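Below: one structure, written as structure tokens.
The values are calculated or read from the model by the stated rules, or taken from the named source; none is laboratory data. Everything numeric in this text was worked out from a predicted model, so none of it was measured. When we count neighbours, we look across all protein chains shown, and the Cβ atoms used for this are built from the backbone with ideal geometry, even at glycine. Side chains included, ligands, DNA and RNA excluded: accessible areas come from the protein's heavy atoms. Shrake-Rupley method; radii C 1.70, N 1.55, O 1.52, S 1.80 Å.
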Amino acid sequence: MITLKSEREIEAMAKSGAIIAGMHKGLRDIIKPGISTWEIETFSRQYIESHGGRAAQIGFEGFEYATTVSVNDEVAHAFPRKALFLKDGDLVKVDTVVELDGAYSDSAWSYAVGNVSPEIQRLMDVTHKALYLGIDQAQVGNRLGDIGATINAFVEDENGFGNVRDYIGHGIGPTMHEEPAVPHYGVAGRGLRLKPGMTITIEPMVNVGGWEVDTSEEDGWTVTTRDGSWSAQYEHTIAITNDGPKILTSQDPEFDAKYLL
């Protein structure tokens, strides 16, 4: 079922989103060569809880952690690990969901560890821009296919990277995952028509190589690229409104000014 949110509910989600945004901004200062991915988990959980939120991923389908911390060829859903220390040139993705007074928000971000190669920097830049190109299409009256087609054309046709198909965006609030499914590929003009009050995530996952991925048989969660190439991801929670898409997890009000509530 797709739930249409009131202005009050969207404002509540923006407060939840502000916690995630603050967490991600704080991670900019601590992610550096030599730290473990467990330190990312510890910082993130403490930040969320100290600001009154709940790390909603804990307990979701048996998941035990506040964050997923995925490194290099890990696309998504990797566990934070005490024995995994980041090195100069690594690429790390941090994803979390926060619940505050019943309102949910979801955001993932990619971080360069020290100095990454030009190829990885381009991967990050393309993935980041793909997110915002998708958000630009999240207009009342457009269709879900407009979001996916725009992202896929930019990622694959214009830049030659692999656009992951197996994991997609989704509706959010009052639960973590709800309808509609939001693919990052598709056909323009096709799919569900967007209506005011919808709240969704847009979260492209982009690989240097092919788009195919595998899920670990060992832990049942960690997703890696099938060809071993590195992967980046950026994700925002947005609201569809008559005034245009509104980013509820913005880290940079000046950059995101045209989307903010």
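If you take the residues of the stretch 139-169 that are touching a residue at least 60 places away in the same chain (Cβ under 8 Å), under 16 Å from the mean Cα position of the chain (by Cα) and part of a loop (DSSP other than H, G, I, E, B), which of them is surrounded by the fewest Cβ atoms within 10 Å (Cβ to Cβ)? The extreme case among them is Y167.
Among residues of the stretch 203-231 that are outside any loop (DSSP other than H, G, I, E, B), those with a beta-carbon under 6 Å from a residue that is loosely packed, with under 14 Cβ neighbours inside 10 Å at least six positions away or on a different chain give the pairs V213/D166; T224/D214. Against the list (1) more than 24 Å from T175 (Cβ to Cβ); (2) in contact (Cβ under 8 Å) with a residue 12 or more places away in the chain; (3) open to solvent by 20 Å² or more (accessible area, probe 1.4 Å), the condition L86 fails is (3).
Residues of the stretch 170-199 that are in a loop (DSSP other than H, G, I, E, B), of a type in the set (G, A, S) and under 17 Å from the mean Cα position of the chain (by Cα): G173 alone. Scanning the stretch 215-249 for residues that are open to solvent by 50 Å² or more (accessible area, probe 1.4 Å), closer than 26 Å to E119 by Cα and not hydroxyl-bearing (S, T, Y) gives R226, D227, W230.
Yes/no per residue for (1) hydrophobic (A, V, I, L, M, F, W, C); (2) assigned to a strand (DSSP E or B); (3) surrounded by fewer than 21 Cβ atoms within 10 Å (Cβ to Cβ):
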site: E41; (1), (2), (3): no, no, no
site: Q46; (1), (2), (3): no, no, yes
site: V75; (1), (2), (3): yes, yes, no
site: A78; (1), (2), (3): yes, no, no
site: V92; (1), (2), (3): yes, yes, no
site: L123; (1), (2), (3): yes, no, no
